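Report on one structure; see the data block that follows.
The values are calculated or read from the model by the stated rules, or taken from the named source; none is laboratory data. Here the structure is a predicted model, which is why all the values come from computation and not from measurement. Positions of Cβ are generated from backbone atoms using ideal geometry, with glycine treated the same way; all protein chains shown enter the neighbour counts.
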Amino acid sequence: MISKELIMEDLKRNMTQKRFAHTLGVMEIAVALAKRYGVDVEKAQLAAMVHDCAKDMPQDEQLNLARQFGILLDEISMAEKALIHAPLGAALAKIKYGIEDPAILRAVKVHTTGDPKMTPLDKVIFLADYIEPGRNFPGVDRLRKVAFEDLDDAVIMACDSTIKYVIEGGRLLHPRMVEARNCLLLEKLKRGEKKWGG
Ligand SMILES: [Fe+2]
Ligand SMILES: [Fe+2]
């Protein structure tokens, strides 16, 4: 793996100023959430650092690279091309920066849609991306509070809010986000934290 300093330099060169500021915000919150929930802070910081490393590439280039790397893109990701940067970012993090840790690469890969079997690190990155200080949407302050009280509740709230937003915009909803939400809700039901049908 190349050093964090070199990764940061590369990101700064290849990202818009806005995206770089977002990345710094996600790193800050990912570290805070990792500390709160006993997640490996180093891994959280590194995953946050590279999570959007592919996002500012032109979309046709993203598509070409994804093909080149053998990333299988489902129909929905082909139609909603903003989804491509997550799996592509994971591949780039490995190839370009030499990050090999599967837990980090996985967190990058699932940061946009979530995943039915999210690890605590996945959840930390998913949420940090959602609530970093630069984010501003109705309900963000409540989500910021819940994120430090109950990780799963916060991920469910973030999914709910994205699902509503995507539907209101008439766009395609990736089933993985629905699966992520349902899995977390089912786990809560099984733990008795939530009543069936209520
Ligand atoms: Fe992203
Ligand atoms: Fe992001």
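Being touching a Leu at 6+ places or on another chain (Cβ under 8 Å), at pLDDT 95 or above and within 15 Å of ligand 2 (Cβ to nearest atom) is the requirement here; does Met27 meet it?
no
Which count do you get for residues in the stretch 30-56 that are under 18 Å from the mean Cα position of the chain (by Cα), more than 15 Å from ligand 2 (Cβ to nearest atom), not β-branched (Val, Ile, Thr) and not in a helix (DSSP H, G or I)?
Qualifying residue count, the stretch 30-56: 1.
Could you go through the stretch 137-154 and let me know if any residue there is of a type in the set (Phe, Trp, Tyr) and not in a loop (DSSP other than H, G, I, E, B).
no
Which condition does Ala82 not pass, out of (1) exposed (fewer than 15 other Cβ atoms within 10 Å of the Cβ); (2) part of a loop (DSSP other than H, G, I, E, B); (3) within 16 Å of ligand 1 (Cβ to nearest atom), if it passes all the others?
Ala82 satisfies every listed condition except (2).
Can you find a residue that is surrounded by fewer than 16 Cβ atoms within 10 Å (Cβ to Cβ), aliphatic (A, V, I, L, M), part of a helix (DSSP H, G or I) and touching a residue at least 40 places away in the same chain (Cβ under 8 Å) anywhere in the stretch 62-77?
Yes, some residue in the stretch 62-77 is surrounded by fewer than 16 Cβ atoms within 10 Å (Cβ to Cβ), aliphatic (A, V, I, L, M), part of a helix (DSSP H, G or I) and touching a residue at least 40 places away in the same chain (Cβ under 8 Å).
Would you please name the residue that is farthest from Trp196 (Cα to Cα), looking only at residues in the stretch 160-186 that are of a type in the set (Lys, Arg), in a helix (DSSP H, G or I) and in contact (Cβ under 8 Å) with a residue 24 or more places away in the chain?
Across the stretch 160-186, the extreme among qualifying residues is Arg176.
Taking the options Val155, Val124, name whichever one is within 17 Å of Thr23 (Cα to Cα) and either more than 14 Å from ligand 1 (Cβ to nearest atom) or of a type in the set (Ser, Thr, Tyr) (or both).
Among Val155, Val124, only Val124 is within 17 Å of Thr23 (Cα to Cα) and either more than 14 Å from ligand 1 (Cβ to nearest atom) or of a type in the set (Ser, Thr, Tyr) (or both).
Conditions: (1) within 15 Å of ligand 1 (Cβ to nearest atom); (2) surrounded by 19 or more Cβ atoms within 10 Å (Cβ to Cβ). Ile99 meets all but one. Number of the miss?
It fails just one condition, (1).
For the stretch 32-61, give me each residue that is within 15 Å of ligand 1 (Cβ to nearest atom), free of Cβ contacts under 8 Å to residues at least 40 places away in the same chain and surrounded by fewer than 17 Cβ atoms within 10 Å (Cβ to Cβ).
The answer is Gln59, and nothing else.
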